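Below is one structure, written out as structure tokens, with a few remarks after it.
The values are calculated or read from the model by the stated rules, or taken from the named source; none is laboratory data. Small disclaimer: the values here were computed from a predicted structure and weren't measured. Because the Cβ atoms are built from the backbone with ideal geometry, glycine has one as well, and the counts that use them run over all protein chains shown. Calculation scope for accessible area: heavy atoms of the full protein, side chains included, ligands and nucleic acids excluded. Shrake-Rupley method; radii C 1.70, N 1.55, O 1.52, S 1.80 Å.
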Amino acid sequence: MVRNGTAVLSSAEFFGRGRERLRFDVPQALIDPDIVPASGDSGTDRMLEIIAREQPIRPAAVLIPVVDHPEPTVLLTQRAPHLSSHAGQIAFPGGKIDVTDASPLDAALREAEEEVGLDRSFVDPIGYLDVYGTAFGFRILPTVARVRPGFTLQINQGEVDDAFEVPLAFLMNPANHQLHSKEFRGMERSYYAMPFAERYIWGATAGILRVLYERIYLS
């Protein structure tokens, strides 16, 4: 059961709501360079408007793999420490959309296979969330998916340092959604953080999880 201040959802109810509320229509904000995607934070949105004048906002796709245990979990990765950007941070499997990808969904599934060896035969895609803009110049389209237990992971150490699961109940509990702020390029912006044990989940990953909570639990 997933508990929060307003709802108690079983695993079946969570995935059922996802299928009712999410679709696979590709949002225009992913493919139209003239659209600056929203982040939910006014400071970050202002940053994106500045970045959009300096360089293209690059499209990317991530997978939100919700593992259908009796108590569902979300599979997350910790990026390798030697990467040039976001080194060591907690992330969803995913990355840039290649021209050879048939769709953002295909990109997310490909990246999950490349990064952690998640066989797509275990993945049941449910639908897209809204495009999420980041202050580092990405427009990210998340795919929510039900993942059947029993998979075996193979970590690509060139990209990922570790993969781990966090209870969905924890991530969907608004009491665990800390709101912080910091200055970036002279602008104050806010961001979510969801510390779990020794893991510090924050930034775009926590922001997308907050969007998932609002879409499934509040809308």
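Table for the structure above
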| read-out | value |
| --- | --- |
| Any hit, the stretch 53-75, residues being surrounded by fewer than 20 Cβ atoms within 10 Å (Cβ to Cβ), out of contact with any strand residue (DSSP E or B) (no Cβ under 8 Å at 6 or more places or on another chain) and closer than 19 Å to residue 26 by Cβ | yes |
| Set 106, 130, 45: member being open to solvent by 20 Å² or more (accessible area, probe 1.4 Å) and under 13 Å from the mean Cα position of the chain (by Cα) | 130 |
| Search result, residues across the stretch 197-219 that are within 18 Å of residue 136 (Cα to Cα) and open to solvent by 40 Å² or more (accessible area, probe 1.4 Å) | 202 |
| Residue selected from the stretch 17-38 under the condition outside any loop (DSSP other than H, G, I, E, B) and in contact with a strand residue (DSSP E or B) (Cβ under 9 Å, 6 or more places away or on another chain), by the criterion farthest from residue 169 (Cα to Cα) | 31 |
| Members of the stretch 157-196 that are open to solvent by 50 Å² or more (accessible area, probe 1.4 Å), assigned to a loop (DSSP other than H, G, I, E, B) and under 25 Å from residue 115 (Cα atoms) | 157, 159 |
| Near pairs, Cβ below 6 angstrom, 6+ apart or cross-chain, from the stretch 184-212 (touching a residue at least 12 places away in the same chain (Cβ under 8 Å) and among the polar types (S, T, N, Q)) to any residue that is open to solvent by 10 Å² or more (accessible area, probe 1.4 Å) and assigned to a loop (DSSP other than H, G, I, E, B) | 190/41 |
| Set 121, 84: member being modelled with pLDDT under 95 and surrounded by fewer than 18 Cβ atoms within 10 Å (Cβ to Cβ) | 84 |
| Search result, residues across the stretch 133-156 that are closer than 15 Å to residue 63 by Cβ, among the polar types (S, T, N, Q) and open to solvent by less than 40 Å² (accessible area, probe 1.4 Å) | 143 |
| Any chance residue 102 is more than 16 Å from residue 58 (Cα to Cα) and part of a loop (DSSP other than H, G, I, E, B) | yes |
